[in-house]
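First comes the structure, then the notes that go with it.
The values are calculated or read from the model by the stated rules, or taken from the named source; none is laboratory data. The structure presented is a predicted model; accordingly, all values stated were derived computationally and were not measured. All Cβ positions, glycine included, derive from the backbone under ideal geometry; neighbour counts span all protein chains shown.
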Amino acid sequence: MDQAEQLRKIIKASNAPQRPLARIITVTSGKGGVGKSNVAINLAIQFRRMGQRVIILDADFGLANIEIMFGTVPKHNLSDLIYQGKNIKDIITWGPEGVGFISGGSGISGMYNLSRDYLVYIIVNLAELDAIADTIIIDTGAGISSAVMEFLVASGEIILVTTPEPTSITDSYSLLKALNQQPRFLRENTVIKVVSNRVSSAEEGQQLYNKLNAVVARYLKLPLNYLGAIPQDQMLARGVMQQSPVSIQYPTSKSARAFEEIARGLSEGSAANEIKPRGMAAFFSHIITGRKLSADKVSG
């Protein structure tokens, strides 16, 4: 049995009727410094307050934004699962209010070179996250690197964070253009949602989305959905300095309330019911398959 067939069997088993599948939301941005990780963390906290079990995967390799913002140093990361034989529960660090997070380390970069049996071990472990979490939020790196593209192509639900800065809007468009050009990107199976961050008003947030959506609709023919706006807020910046998310440190602040409203919209909106959960086995198998295809193309 070849590697691809083995992975298909794992995915089929993980999709069995008796096994729940986690909702996977991937948070990304066209450039760094637009508040992407803050969005991921505060949405996770708001989901948790709604009774959901939540885990964040910090896939912004090398920067460790999530652990810094939580003020918690993890003992293990994804590399330890892949290369040190740790199981999935060993590498989850539990942060404030019971939000779990997994530090990515640099583990994924060499996964396609591993043996079939080892890949099976990894995917089986990752599939266990479906039983631990209702929602898994993946915080990608910023920009259009191949690593970011792999996560986005594998995602059924993407949140794109942008700000009113002209460079942020341009880079957001560039990211969507790069994603649209990926051979394995299936637009009909992907929902892309936009959060306008650091805006002066709800009106500015809507205008920012309208501007980006108009260009994307014209040149990429790619449908976008508007999630809402996060206002410019001194309390959010203060929380970052204190290594405590604004939703915890300043729960009545205008930004914390905006995160609550967006999280509620994600949980209760009609789009949430239309998205079929994929689960972690399918998600990572998609990434591994993509890396294997790229490696075969280079070697061929």
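Details
- The single condition among (1) out of contact with any Ser or Thr (no Cβ under 8 Å at 6 or more places or on another chain); (2) free of Cβ contacts under 8 Å to residues at least 60 places away in the same chain; (3) among the hydrophobic types (A, V, I, L, M, F, W, C) that residue 248 does not satisfy is (2).
- Residue tally, condition surrounded by fewer than 15 Cβ atoms within 10 Å (Cβ to Cβ) and assigned to a helix (DSSP H, G or I), over the stretch 238-256: 2
- Failed item in (1) surrounded by fewer than 17 Cβ atoms within 10 Å (Cβ to Cβ); (2) in contact with a helix residue (DSSP H, G or I) (Cβ under 9 Å, 6 or more places away or on another chain); (3) not polar (S, T, N, Q), with residue 188 passing the rest: (2)
- Members of the stretch 218-233 found to be assigned to a helix (DSSP H, G or I) and more than 16 Å from residue 171 (Cα to Cα), listed by number: 218
- Number of the exception - residue 277 against (1) modelled with pLDDT under 85; (2) in contact with a Phe, Trp or Tyr (Cβ under 8 Å, 6 or more places away or on another chain): (2)
- Residue list for the stretch 191-206, restricted to those being surrounded by 15 or more Cβ atoms within 10 Å (Cβ to Cβ) and either in a strand (DSSP E or B) or polar (S, T, N, Q) (or both): 191, 192, 193, 194, 195, 196, 197, 198, 199, 206
- Helices (runs of 4 or more DSSP H) lying entirely in the stretch 27-92 (those with 1 or more residues that are free of Cβ contacts under 8 Å to residues at least 40 places away in the same chain): 65-70, 78-83
- Among residues of the stretch 62-92, those that are under 25 Å from residue 32 (Cα atoms) and either of a type in the set (A, V, I, L, M) or touching a strand residue (DSSP E or B) at 6+ places or on another chain (Cβ under 8 Å) (or both), counted: 13
- Only one of the numbered conditions (1) out of contact with any Phe, Trp or Tyr (no Cβ under 9 Å at 6 or more places or on another chain); (2) farther than 15 Å from residue 36 by Cα is violated by residue 173, and that is (1).
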